[in-house]
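Contents: one structure, followed by commentary.
We did not get these values from a lab; they are worked out from the coordinates using the rules stated. This is a predicted model, so every value here is computed, not measured. Virtual Cβ from ideal backbone geometry, glycine too; neighbours counted across all protein chains shown.
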There are 2 protein chains.
Amino acid sequence: MAAKSNGAQNKRPQGRSVQLESTPEPREVVPLSLERIVATAVELLDAEGLDGLKMRRLADRLGAGAMSLYWHVDNKEKVLDLALDSVLGYRGLLQTVEPHDWRNEVVSMLEDWRASMLRHPWSASLLPRRALGPNMLGRLEMLSKSLSGAGIAEANLNVAIWSLWNYVMGATITRASFDLSEDERVAAQQQLASLSEHYPTIAGSRLLLDDDWDGTFRRGLDFLLDGLSPR
Amino acid sequence: MAAKSNGAQNKRPQGRSVQLESTPEPREVVPLSLERIVATAVELLDAEGLDGLKMRRLADRLGAGAMSLYWHVDNKEKVLDLALDSVLGYRGLLQTVEPHDWRNEVVSMLEDWRASMLRHPWSASLLPRRALGPNMLGRLEMLSKSLSGAGIAEANLNVAIWSLWNYVMGATITRASFDLSEDERVAAQQQLASLSEHYPTIAGSRLLLDDDWDGTFRRGLDFLLDGLSPR
DNA sequence: GATTGGATCGTACATTGTACGATTAAATTG
DNA sequence: CAATTTAATCGTACAATGTACGATCCAATC
């Protein structure tokens with residue numbers, strides 16, 4: 001039932017009547033492929049959100065029948081797994097000019113990680129599934145390599161990696177889920193004000209009203225790296 | 001369409017024939033209520049997981065018809081929101097003996113936070129929705145108060161809170177999603193071994209094979225708190 | 001030409017959330 | 001007490017959705 005790797009490229013004649021001319025239809029129908037399915041799924045998810053991805057709708061976009069997808073993909077879950085990992089492809093410069101500025105290296109890696117996911121907010125919602133695709137693993141590998149290149153003790157390496165991972169995942173999921181529309185923001189503010197008697201500290205610090213997500217992410221990351229750095 | 005707060009307790013006679021004796025049926029039918037619905041939903045989620053929660057099944061457990069739930073609850077989403085927040089109820093000691101050991105206070109608060117969610121692994125999957133229920137806000141409030149009692153500068157307070165929040169959320173989601181069965185663990189290990197050529201650093205550090213999640217959480221949290229502490 | 005296997009797709013079905021309205025019981029009013 | 005309103009329950013029905021099954025078609029191979 002699985003298509004596996006597909007090195008051959010097919011042509012699709014239209015199987016209708018005889019073609020009078022050489023190219024009766026300029027519409028060259030593109031064949032399905034796993035890559036095309038995943039790419040189109042990402043498009044659809046970007047456009048319609050997580051709930052907007054239906055197998056029929058995806059097939060429509062691909063100009064195919066709904067059931068044709070199942071030749072290439074086991075089920076919808078797999079589509080989501082693949083879409084998630086595809087978003088995590090890293091196109092950054094692997095070799096920066098400075099070979100030993102490990103801290104900046106880590107910071108920009110993690111900022112890119114977060115940004116890649118926030119470009120596709122649905123991806124954050126997919127994180128709670130155990131999804132270690134190749135791109136995810138690739139990013140972990142890079143992070144791991146950077147850190148071991150720094151002065152971090154061998155015994156603390158895994159803890160450091162997981163801490164940074166946790167931080168990035170938490171920040172990304174939080175940011176994505178707090179991405180309120182204008183109306184929602186007003187409503188939340190009012191609700192919070194009305195409840196500020198119960199939560200005085202939060203209300204006072206305006207914790208939920210701060211807009212500078214990027215800055216907060218960066219500053220918190222700096223604190224974490226301070227703690228991880230050999231003093 | 002909403003029941004709102006329901007202070008009255010109802011009896012349910014059985015509306016069948018006349019009751020010959022005082023208690024013809026020892027089965028006293030308990031009336032529905034938001035509390036009962038949410039509590040039963042948590043039970044069902046614990047037993048069957050996120051996909052196991054269907055409105056009909058939930059109603060069955062409650063001895064009610066499926067549509068009866070909708071008098072108390074707008075829709076299934078709300079049930080999930082309420083179930084999530086209900087799991088976050090904090091029953092910890094608010095006043096510990098040591099009034100000024102803020103660091104231990106924060107650590108145990110956050111450990112309890114994580115533990116409360118891991119007791120109901122499905123709750124981690126629900127985090128990506130914007131869910132600031134009263135219990136969630138209560139925990140944020142407590143954390144906020146603890147930190148401002150410590151020596152952390154006012155300007156860094158919100159960053160500190162969000163950092164700790166991110167860390168806890170990331171760690172919890174990760175832990176919950178990596179909770180492999182025995183078979184899965186073996187499979188993952190093999191897969192990783194076969195791919196260790198592509199990810200040598202990860203494979204070498206046995207990052208994905210470490211079992212001491214609690215210890216790793218604690219040690220990483222210590223690093224983060226080191227970074228946040230005024231030096 | 002016959003056969004095989006890769007790929008596509010139409011039909012059908014089971015599952016699920018929930019809209020709608022009927023029905024009943026309890027509270028309130030006259 | 002009777003009449004009416006409101007709170008609460010539930011049966012039926014429907015639309016949406018994932019996907020099992022099998023038919024079909026086409027290119028490649030024998």
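Data for the structure
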item	result
Residues whose placed amide H lies under 5 Å from that of residue B:101, excluding near-sequence neighbours	none
Within the range A:155-231, chymotrypsin sites (Phe, Trp or Tyr not before Pro) in DSSP loop having at most 16 other beta-carbon neighbours inside 10 Å	A:178
Other protein chain Cβ atoms within 10 Å, averaged over every residue that makes up B:140-147	4
Simple label model, 7 Å out from Cα along Cβ direction - residue B:195 to residue A:132, nm	0.8
Charge dipole (the range A:34-86, unit charges on Cβ, about Cα centre) - positive-most of A:68, A:34, A:49	A:68
Other copies of residue B:187: label-to-label distances in nm, shortest first, labels 7 Å along the beta-carbon direction	4.1
Label 7 Å beyond Cα on the Cβ vector: residue A:33 copy-to-copy distances, nm	6.2
Per-residue mean of C-beta atoms belonging to partner chains within 10 Å, peptide B:70-76	0
Filter on A:78/B:54; B:54/B:78; A:76/B:54; A:54/A:78; A:78/A:145 - keep pairs with C-alpha separation over 25 Å	A:78/A:145
Taking B:123, B:194, A:68, B:177 and counting other C-beta atoms within 10 Å, the order from fewest to most	B:194, A:68, B:177, B:123
Exam field: residue A:156 pseudo-label spacings to other copies (7 Å along Cα-Cβ), nanometres	1.6
Neighbour cut-off at most 12 other Cβ (10 Å), DSSP loop, trypsin sites (Lys or Arg not before Pro), the range B:98-154	B:119
P(r), alpha carbons of the range A:34-86 - 10 Å bins starting at zero, rounded %	27, 66, 7
